[in-house]
Amino acid sequence: MRQSTEQCIIDLQQLETPIGTIVVCATDKGICLLEFADIEGIQKEYDHLSKEKNAVIVPGENRHITLLKEELKKYFEGELITFSVALDLIGTAFQQQVWHGLLHIPYGETKSYKEQSEYLQIPKSIRAVANANGMNRIAIIIPCHRIIGTDGSLTGYRGGIWRKKFLLELENKDYNAGNQLTLEF
């Protein structure tokens, strides 16, 4: 974060993707928000960021946003399966543990909430894990879209089930292969 006399600066940009406009915020440490612009409560996300970082959010770009734009383009073109852009996570220790666990779900695979809680070695905490997934503020990169119901159903995704389905189909060509994807930037 660039230092001003009183507050730090968080850079903000809007990016167009095949699944709609996303907003990205970044500090000097990394991406701290990557969310769909049309989700309910996006202003609360900005307010939370400002408070947690004692920062002001302004339109701008830094090296993390520049790299993210390149990586997202490659991801949506099917050329990137692992993001390298740095992240600046804001959350409780438990939330961060859950989010780091999500990063271990391979591209093109899905896991159930139960499998995720077992992986984290807290098998009786399925609801807490699901709640932490719902608090993920870095869509796509931290792949909470790869978590599905035990019965294979597409459940719970802040960006909408249609986006979750799109991302799963993009990552796994065998997933619901009867549908065609339209990839346009």
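Output the qualifying pairs, or none if there are none: Cβ atoms under 6 angstrom, residues six or more apart or on different chains, first residue in segment 53-65 and under 20 Å from E16 (Cβ atoms) and of a type outside the set (V, I, T), second residue at pLDDT 95 or above and open to solvent by less than 20 Å² (accessible area, probe 1.4 Å). Listed pairs, sorted by first residue: G60/D11; E61/D11; N62/D11; N62/A26; H64/A26; H64/G30; H64/I31; H64/V85. Where strands (runs of 3 or more DSSP E) fall entirely within segment 15-65, those with at least 2 residues that are open to solvent by 30 Å² or more (accessible area, probe 1.4 Å) and either farther than 19 Å from K164 by Cβ or among the acidic types (D, E) (or both) are at 55-59.
Considering every residue within segment 11-19, establish whether at least one is touching a Lys or Arg at 6+ places or on another chain (Cβ under 6 Å) and either of a type in the set (S, T, Y) or closer than 20 Å to H100 by Cα (or both). Within segment 11-19, none of the residues are touching a Lys or Arg at 6+ places or on another chain (Cβ under 6 Å) and either of a type in the set (S, T, Y) or closer than 20 Å to H100 by Cα (or both). There is at least one residue in segment 150-160 that is out of contact with any strand residue (DSSP E or B) (no Cβ under 6 Å at 6 or more places or on another chain), within 26 Å of K29 (Cα to Cα) and charged (D, E, K, R).
The helices (runs of 4 or more DSSP H) falling completely within segment 81-177 that include 3 or more residues that are open to solvent by less than 60 Å² (accessible area, probe 1.4 Å) and of a type in the set (A, V, I, L, M, F, W, C) map to 93-102, 126-134, 161-171.
The values are calculated or read from the model by the stated rules, or taken from the named source; none is laboratory data. These figures come from a predicted structure and were not determined experimentally. Don't worry about glycine lacking a Cβ; one is built from the backbone with ideal geometry, like all the others, and counts go over all protein chains shown. SASA here: full protein model, heavy atoms, side chains in, ligands and nucleic acids out. Shrake-Rupley method; radii C 1.70, N 1.55, O 1.52, S 1.80 Å.
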